[in-house]
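See below for the structure under consideration.
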Amino acid sequence: MARRAGGPGPAEDDELSESERQRFRALLERLRDELVETGDVTLEPNRVDAADVGGDEDAQPLNEMSQAIASSRNRARTGSLHLIEAALRKLRESPEDYGLCEVCDELIRRRRLELLPYARLCVRCKSKREDPRGGARKKLTDFV
Ligand SMILES: [Zn+2]
(Lines give C-alpha, C1' and ligand atoms only; values in the text may rest on other atoms or scores of the structure.)
Protein backbone atom coordinates (compact mmCIF):
# COMPACT_ATOMS: atom_id res chain seq x y z
CA MET A 1 0.00 0.00 0.00
CA ALA A 2 1.18 3.45 -0.85
CA ARG A 3 1.99 5.66 2.06
CA ARG A 4 0.52 9.12 2.07
CA ALA A 5 2.85 12.09 2.04
CA GLY A 6 1.51 13.36 5.36
CA GLY A 7 3.19 10.51 7.23
CA PRO A 8 1.65 7.62 9.09
CA GLY A 9 -1.93 7.75 10.27
CA PRO A 10 -4.95 9.32 8.62
CA ALA A 11 -4.83 12.93 7.49
CA GLU A 12 -7.04 15.39 9.32
CA ASP A 13 -9.32 15.85 6.35
CA ASP A 14 -9.81 12.16 5.67
CA GLU A 15 -13.19 10.69 6.38
CA LEU A 16 -13.33 8.45 9.39
CA SER A 17 -12.67 4.83 8.61
CA GLU A 18 -14.89 2.06 9.82
CA SER A 19 -12.39 1.06 12.47
CA GLU A 20 -12.11 4.63 13.71
CA ARG A 21 -15.87 4.83 14.00
CA GLN A 22 -15.85 1.65 16.00
CA ARG A 23 -13.24 3.09 18.27
CA PHE A 24 -15.32 6.21 18.87
CA ARG A 25 -18.38 4.08 19.42
CA ALA A 26 -16.54 2.12 22.12
CA LEU A 27 -15.41 5.42 23.63
CA LEU A 28 -18.98 6.72 23.68
CA GLU A 29 -20.34 3.54 25.19
CA ARG A 30 -17.76 3.69 27.94
CA LEU A 31 -18.60 7.33 28.67
CA ARG A 32 -22.28 6.49 28.77
CA ASP A 33 -21.69 3.59 31.16
CA GLU A 34 -19.61 5.81 33.42
CA LEU A 35 -22.33 8.44 33.54
CA VAL A 36 -25.02 5.90 34.25
CA GLU A 37 -22.95 4.18 36.93
CA THR A 38 -22.25 7.38 38.83
CA GLY A 39 -25.88 7.22 39.73
CA ASP A 40 -28.06 10.22 40.16
CA VAL A 41 -28.99 10.69 36.56
CA THR A 42 -32.70 10.59 36.76
CA LEU A 43 -35.56 11.55 34.57
CA GLU A 44 -37.79 12.25 37.55
CA PRO A 45 -37.73 16.04 37.92
CA ASN A 46 -38.00 16.04 41.69
CA ARG A 47 -36.92 13.12 43.75
CA VAL A 48 -36.72 14.97 47.06
CA ASP A 49 -39.84 14.24 48.98
CA ALA A 50 -41.52 17.58 49.62
CA ALA A 51 -43.41 16.14 52.57
CA ASP A 52 -40.14 15.77 54.49
CA VAL A 53 -39.53 19.50 54.38
CA GLY A 54 -43.12 20.29 55.16
CA GLY A 55 -43.65 22.76 58.02
CA ASP A 56 -40.00 23.49 58.74
CA GLU A 57 -39.64 26.89 57.16
CA ASP A 58 -36.01 27.37 58.13
CA ALA A 59 -34.97 24.30 56.25
CA GLN A 60 -36.75 25.32 53.11
CA PRO A 61 -34.34 27.83 51.50
CA LEU A 62 -31.32 25.65 52.15
CA ASN A 63 -33.13 22.68 50.74
CA GLU A 64 -34.14 24.60 47.65
CA MET A 65 -30.60 25.75 47.18
CA SER A 66 -29.04 22.33 47.45
CA GLN A 67 -31.76 21.02 45.22
CA ALA A 68 -30.93 23.65 42.64
CA ILE A 69 -27.27 22.73 42.79
CA ALA A 70 -28.01 19.03 42.51
CA SER A 71 -30.34 19.55 39.61
CA SER A 72 -27.92 21.73 37.69
CA ARG A 73 -25.34 18.98 38.12
CA ASN A 74 -27.88 16.52 36.93
CA ARG A 75 -28.71 18.68 33.99
CA ALA A 76 -25.07 18.78 32.97
CA ARG A 77 -24.90 15.02 33.23
CA THR A 78 -28.13 14.25 31.50
CA GLY A 79 -27.10 16.83 28.93
CA SER A 80 -23.96 14.99 27.97
CA LEU A 81 -25.76 11.68 28.30
CA HIS A 82 -28.22 12.99 25.78
CA LEU A 83 -25.40 14.01 23.45
CA ILE A 84 -23.74 10.64 23.86
CA GLU A 85 -26.97 8.84 23.02
CA ALA A 86 -27.43 11.07 19.99
CA ALA A 87 -23.90 10.34 18.77
CA LEU A 88 -24.40 6.61 19.25
CA ARG A 89 -27.66 6.78 17.35
CA LYS A 90 -25.94 8.61 14.55
CA LEU A 91 -23.24 5.95 14.41
CA ARG A 92 -25.96 3.36 14.16
CA GLU A 93 -28.31 5.02 11.73
CA SER A 94 -26.14 7.16 9.48
CA PRO A 95 -22.52 6.41 10.34
CA GLU A 96 -21.23 8.51 7.47
CA ASP A 97 -22.57 11.60 9.26
CA TYR A 98 -20.70 10.89 12.44
CA GLY A 99 -17.78 13.24 12.97
CA LEU A 100 -19.19 15.89 10.65
CA CYS A 101 -20.00 19.34 11.95
CA GLU A 102 -23.76 19.82 12.05
CA VAL A 103 -23.44 23.42 10.92
CA CYS A 104 -20.83 23.49 8.17
CA ASP A 105 -20.55 19.77 7.35
CA GLU A 106 -16.79 19.82 7.71
CA LEU A 107 -15.04 16.97 9.42
CA ILE A 108 -14.48 17.57 13.09
CA ARG A 109 -10.82 17.16 13.91
CA ARG A 110 -9.90 13.76 15.27
CA ARG A 111 -8.11 15.34 18.19
CA ARG A 112 -11.37 17.01 19.16
CA LEU A 113 -13.33 13.80 18.78
CA GLU A 114 -10.84 11.99 20.99
CA LEU A 115 -11.70 14.43 23.77
CA LEU A 116 -15.36 14.88 22.92
CA PRO A 117 -16.56 11.92 20.89
CA TYR A 118 -20.06 13.38 21.12
CA ALA A 119 -19.07 16.76 19.69
CA ARG A 120 -21.58 18.02 17.16
CA LEU A 121 -19.78 21.11 15.97
CA CYS A 122 -16.31 21.78 14.69
CA VAL A 123 -14.14 24.12 16.72
CA ARG A 124 -14.83 27.01 14.40
CA CYS A 125 -18.62 26.78 14.56
CA LYS A 126 -18.50 26.13 18.26
CA SER A 127 -16.50 29.26 18.99
CA LYS A 128 -18.75 31.28 16.70
CA ARG A 129 -21.71 30.07 18.66
CA GLU A 130 -20.13 30.82 22.02
CA ASP A 131 -19.11 34.30 21.00
CA PRO A 132 -21.79 35.47 18.59
CA ARG A 133 -20.43 38.99 18.52
CA GLY A 134 -17.25 37.56 17.10
CA GLY A 135 -16.03 40.68 15.36
CA ALA A 136 -15.10 42.36 18.62
CA ARG A 137 -12.03 40.24 19.10
CA LYS A 138 -11.73 38.12 16.00
CA LYS A 139 -11.76 39.40 12.52
CA LEU A 140 -12.89 37.25 9.65
CA THR A 141 -9.39 37.45 8.24
CA ASP A 142 -8.07 35.65 11.32
CA PHE A 143 -9.49 32.47 9.89
CA VAL A 144 -8.14 32.83 6.37
ZN1 LIG B 1 -18.49 23.70 11.52
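The values are calculated or read from the model by the stated rules, or taken from the named source; none is laboratory data. For clarity, every value in this text was computed on a predicted model and none was experimentally measured. The protein model used for the area step is the full one, side chains on, heavy atoms only, and it has no ligands, DNA or RNA in it. Shrake-Rupley method; radii C 1.70, N 1.55, O 1.52, S 1.80 Å.
Counting heavy atoms of the protein chains only and a 1.4 Å probe, report the per residue accessible area for the range 60-109 as a whole number of Å². Walk me through the numbers on the way to the answer.
Numbers: 3220 Å² over 50 residues.
In whole numbers, the range 60-109 has 64 Å² accessible per residue.
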Accessible area of Val103, 1.4 Å probe, to the nearest 10 Å²?
-> 90
Of the heavy-atom accessible surface of the range 65-112 (probe 1.4 angstrom), what whole percent is carbon and sulfur?
-> 50
Taking placed amide H atoms and a strict 5 Å upper bound, the residues 5 or more places from Leu107 or on another chain that come that close are Cys101
